[in-house]
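Read-outs: derived from the displayed coordinates by stated rules, not from any lab. Just so it is clear, the model here is predicted, and its values are computed rather than measured. Here Cβ is always computed from backbone atoms with ideal geometry, including for glycine, and neighbour counts include all displayed protein chains.
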């Protein structure tokens, strides 16, 4: 038997440009295949499969693929607090005292391993996310940013990467004291995901595609 995640979109995020290539998003970059990063696998990770098949309410499943076709990030967006280690839930409260959790993510990164994320409304009205490992160690925090208040280098890169695009969401990510901005942009009926360094340099550019995911269950 397979569990069909009916009504739950699978966001298939394909790499279409990085700082080393200017290939348009509808043309595959002409690059030789690269060996997978340590720990990488084309298969869904156990934590992702378990949450996706056992949690009652799933918002979406997201896969991110690099230029070589390797899955480098897997995420399940859900509402099951019990699927998030207690140490990570405590970490979220420590980072933003008085905040209210609103949703959760179970993730696997090729370079970071299993990560757990708590999305919350902060006491001062922000919408932020806290990502940690199972032991409660902090990986990064991320907070929504008014697109109109994006730093000038970030706004300029968005305009250069997707001319005429409309910013629908912007976030500021802080990890190990450094900042990175992630921006979602729509243009001509397509949705793009940009990662931009604090100095405005483009780290990666992806196009988002709708898909449907079927997983086996007992």
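Observations
- Stretching residue 199 away from residue 81 to a fully extended chain increases their span by 38.9 nm, per 0.36 nm per residue minus the current alpha-carbon distance.
- Exposure proxy order (Cβ contacts within 10 Å, fewest to most) of 124, 79: 124, 79
- As a proxy for reagent exposure, ranking 63, 209 by other Cβ atoms within 10 Å from fewest up yields 209, 63.
- Taking other C-beta atoms within 10 Å as the exposure proxy, 178, 54 rank 178, 54 from fewest upward.
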